[in-house]
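Here the structure is laid out as structure tokens; the discussion comes afterwards.
The values are calculated or read from the model by the stated rules, or taken from the named source; none is laboratory data. Note that the coordinates shown come from a computational prediction; the quantities given were computed from them, not determined experimentally. No Cβ is skipped: glycine too gets one built from the backbone with ideal geometry, and neighbour counts run over all protein chains shown. For accessibility, only protein heavy atoms count, side chains too; no ligands or nucleic acids. Shrake-Rupley method; radii C 1.70, N 1.55, O 1.52, S 1.80 Å.
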Amino acid sequence: MSKTLVILAHPNLEVSRVNRCWQQELLQHPQEITLHELYKEYPDWQIDVAREQQLLEQYDHIILQFPLYWYSYPPLLKKWMDEVFAYGWAYGSTGDRLKGKYFSVALSIGNHEVNYLPGGSVQFTVEQVLAPFKASLHHVGAIELPHFAFFGASFQATDEQVGQSAVDYVEYIRNGSAVVEQG
Ligand SMILES: Cc1cc2nc3c(=O)[nH]c(=O)nc-3n(C[C@H](O)[C@H](O)[C@H](O)COP(=O)(O)O)c2cc1C
């Protein structure tokens, strides 16, 4: 089975429940999953672009994991994409290094799932919220796999629910790896 790279971007993992639980679970599977924590690697926000590009080149299956903040990514992940998905590397006439790689998003969401359904109070589905991510992947020729989401993180999800989501997350990663291997 090919290994999966998870790029984790949480600005405050010490107070996190969901992403921290997922982090702990992912660390139990080092043969299958490489965890790369942006806020830990770059506390000064000075991203080593060459290092990040080399890391991405080693994997065909890449997951961006983050808590949904203002219907978007935490800011260091945005900076990472701005700098790492560079012209001549990720796009442009000679930029094809992400072409054909499989990407997806794993996100924790504060609000309940029902509010993200069509007609729900949020007024946008998660698929719609993830449109910039989808457009970016299309731009660099990568292939998008379905996202993984945990809803209701702001509404006292039980330890059992959070723990089960971590187990489900690893299963989701394995299923994605199987898709990648089938090509
Ligand atoms: C700055 C900020 C912005 C947030 N924006 C949203 C949002 O747009 N939609 C939503 O459903 N939840 C939102 N939330 C709730 C977070 O998604 C939730 O706290 C997070 O997913 C919980 O994950 P964690 O336990 O790993 O921190 C926001 C939280 C913060 C702190």
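Gln65 meets each of the listed conditions (1) without any contact (Cβ under 8 Å) to a residue 60 or more places away in the chain; (2) within 12 Å of the ligand (Cβ to nearest atom); (3) buried (at least 20 other Cβ atoms within 10 Å of the Cβ); (4) in a loop (DSSP other than H, G, I, E, B) apart from (4). Flag: Val122 matches the condition of being of a type in the set (A, V, I, L, M, F, W, C) and in a loop (DSSP other than H, G, I, E, B).
Consider Ala142 carefully, then state whether it is of a type outside the set (Asp, Glu), open to solvent by less than 40 Å² (accessible area, probe 1.4 Å) and more than 13 Å from the chain's Cα centre (by Cα). For Ala142, the condition - of a type outside the set (Asp, Glu), open to solvent by less than 40 Å² (accessible area, probe 1.4 Å) and more than 13 Å from the chain's Cα centre (by Cα) - is met.
Listed by first and then second residue, the pairs with beta-carbon distance under 9 Å, at least 6 apart or on different chains, first residue in the range 6-29 and touching a residue at least 24 places away in the same chain (Cβ under 8 Å) and charged (D, E, K, R), second assigned to a helix (DSSP H, G or I) and open to solvent by 50 Å² or more (accessible area, probe 1.4 Å), are Arg17/Asp159; Glu25/Val167. Taking the criterion of being more than 16 Å from the chain's Cα centre (by Cα) and within 14 Å of Asn19 (Cα to Cα), the residues of the range 159-183 that qualify are Asp159, Gln161, Val162, Gly163, Gln164, Val167. Look at (1) away from the ligand (no atom under 13 Å from the Cβ); (2) crowded, with 18+ Cβ neighbours inside 10 Å; (3) free of Cβ contacts under 8 Å to residues at least 24 places away in the same chain and you find that Glu127 fails only one, number (2). The set of residues in the range 146-172 being in contact with a His (Cβ under 8 Å, 6 or more places away or on another chain) and either assigned to a helix (DSSP H, G or I) or surrounded by 14 or more Cβ atoms within 10 Å (Cβ to Cβ) (or both) consists of Phe151, Gly152, Val170. For the range 10-47, name all the residues that are open to solvent by less than 40 Å² (accessible area, probe 1.4 Å), within 22 Å of Lys79 (Cα to Cα) and within 11 Å of the ligand (Cβ to nearest atom). Within the range 10-47, His10, Leu13, Ser16, Asn19, Gln23 meet the criteria. Looking across the range 103-115, just one residue is within 8 Å of the ligand (Cβ to nearest atom), of a type outside the set (A, V, I, L, M, F, W, C) and touching a helix residue (DSSP H, G or I) at 6+ places or on another chain (Cβ under 9 Å), and that is Ser108.
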